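Values quoted throughout were computed directly from the atomic coordinates according to the rules given, and no laboratory measurement underlies them. Given the structure is predicted, the values throughout are model-derived calculations rather than measurements. Neighbour counts are summed over all protein chains in view; Cβ atoms, including those assigned to glycine, are modelled from backbone coordinates with ideal geometry.
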Amino acid sequence: MESTIFLVRHGRPDLPDNEMRFLGRTDLPLSPEGIRQAEALREAFSNIPLEGIFHSGLKRASETAAVIAEGRALPVERVPALQEVSFGQWELLSMREVMEQDPEGFTEREKDFVSFRPAGGESFYEARERAWPAFNEILARTEGNLLIAAHAGIIKTLIYTLLGIPWRNIFSMRQDYCGVHVLDRFEGRLTVRKLNWTPGLLP
């Protein structure tokens, strides 16, 4: 049976400003812009049948999933193992603030960001170790098309693991708010069809 997997990053969260920040487990809702982004995806998916919608349980992902699911009689399921990488004491800090408050940690991260763990947080590798089995468990029990609303760090770990891309290149892939990665599934095998498409770029 052939089906399609849609990996969706949540819409823009309700951050205090436009500065890029380390947002992991801090449970922020969608901003008004994020809601509009999710609504645009709902329209884009209106003619695409889905057998299931899954999300990480964090508000920005669950709200994105709920908007997309509006009008559909199908389950929307929480999968906590898909929550974003935890940044511990770096949560909600900007890059500049981390460099000022934890220069040694920032230097260590630059050397090996895959294995680096901020104080009270987790590494990208540790996040992959929980997210990858959860992703495969979802695939094993859902035969048709499905959508997973998750987070940039988690989605990148899934895509890079699937493609066997060296993790040192993980920041080479763009991941916009409500950007969609499309995977085709046939006879148990996954192939990547599209990366990071958004409603304005949909065919």
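If only the Cβ of Lys and Arg carry +1 and only the Cβ of Asp and Glu carry -1, the dipole of the chain around its Cα centre is close to 460 debye.
Charge tally around Y160: other residues with Cβ under 11 Å, Lys/Arg +1 each, Asp/Glu -1 each, net +3. By the count of other C-beta atoms within 10 Å, a proxy for reagent exposure, L158, L190 are ordered fewest to most as L190, L158.
Give the relative contact order (percent, whole number) for the chain; include only Cα pairs under 8 Å separated by 6+ residues.
Working: 378 pairs, mean separation 65.9, N = 203.
RCO, the chain: 32 percent.
Secondary structure note: in the chain, about 55% of the DSSP beta bridges are antiparallel. Helical content alone sets the calculated 222 nm signal of the chain at -10500 deg cm²/dmol, taking -39,500 (n - 2.57) per DSSP H segment of four or more residues and averaging over every residue. Projecting the Cα atoms of W132, I5, F116 onto the charge dipole of the chain, computed from C-beta unit charges around the Cα centre, puts I5 farthest toward the positive end. When a/c is below 1.5 the answer is rounded, else prolate if a/b is larger than b/c, else oblate, so apply that to the range 123-203 with a ≥ b ≥ c taken from the square roots of the Cα gyration tensor eigenvalues. Cα axes put the range 123-203 in the oblate bin. Counting neighbouring Cβ atoms within 10 Å and putting the fewest first, the residues D184, D17 line up as D17, D184. How big is D, in µm² s⁻¹, for the chain by Stokes-Einstein at 37 °C and 0.692 mPa s if Rh is the Kirkwood radius over C-alpha pairs? Roughly 190 µm²/s, to the nearest whole number. Listed from fewest to most Cβ neighbours within 10 Å, the set M173, M95 follows the order M95, M173.
Where a ≥ b ≥ c are the square roots of the eigenvalues of the C-alpha gyration tensor, would you call the range 1-59 rounded, which needs a/c under 1.5, or, failing that, prolate if a/b is larger than b/c, or oblate? Mind showing how you got there, number by number?
Working: a/c = 2.87, a/b = 1.85, b/c = 1.55.
Because a/c hits 1.5 or more and a/b exceeds b/c, the range 1-59 counts as prolate.
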